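The values are calculated or read from the model by the stated rules, or taken from the named source; none is laboratory data. Keep in mind that this is a model prediction, so the values were computed, not measured. Heads up, the Cβs are rebuilt from the backbone with ideal geometry, glycines too, and the neighbour counts pull from every protein chain shown. The protein model used for the area step is the full one, side chains on, heavy atoms only, and it has no ligands, DNA or RNA in it. Shrake-Rupley method; radii C 1.70, N 1.55, O 1.52, S 1.80 Å.
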Amino acid sequence: MKYLKFSQYIYIIAGVFFLYDCIMTWNEDRSQAYLSLFLFALAIFMFFFRRRFHKKYEDRNNKQ
């Protein structure tokens with residue numbers, strides 16, 4: 001389950017990409033920028049969710 005430790009950082013990378021896309025398209029196409037902003041927020045949420053899930057999983061394994 002070592003991939004769980006590293007998979008959470010994929011969401012941070014995706015979040016940075018979507019934030020960059022939002023900034024670049026803000027003046028040209030607002031609807032596309034809002035979509036990128038939503039995906040940025042979703043990626044950041046998923047990062048913290050996966051990190052919390054990983055910590056719970058490790059705590060459960062350490063108790064056994």
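Tabulated results
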read-out	value
Positions within the stretch 34-45 being more than 9 Å from the chain's Cα centre (by Cα) and closer than 9 Å to residue 19 by Cα, in sequence order	36, 37
Residues of the stretch 25-48 classified as out of contact with any helix residue (DSSP H, G or I) (no Cβ under 7 Å at 6 or more places or on another chain) and open to solvent by less than 100 Å² (accessible area, probe 1.4 Å), total	5
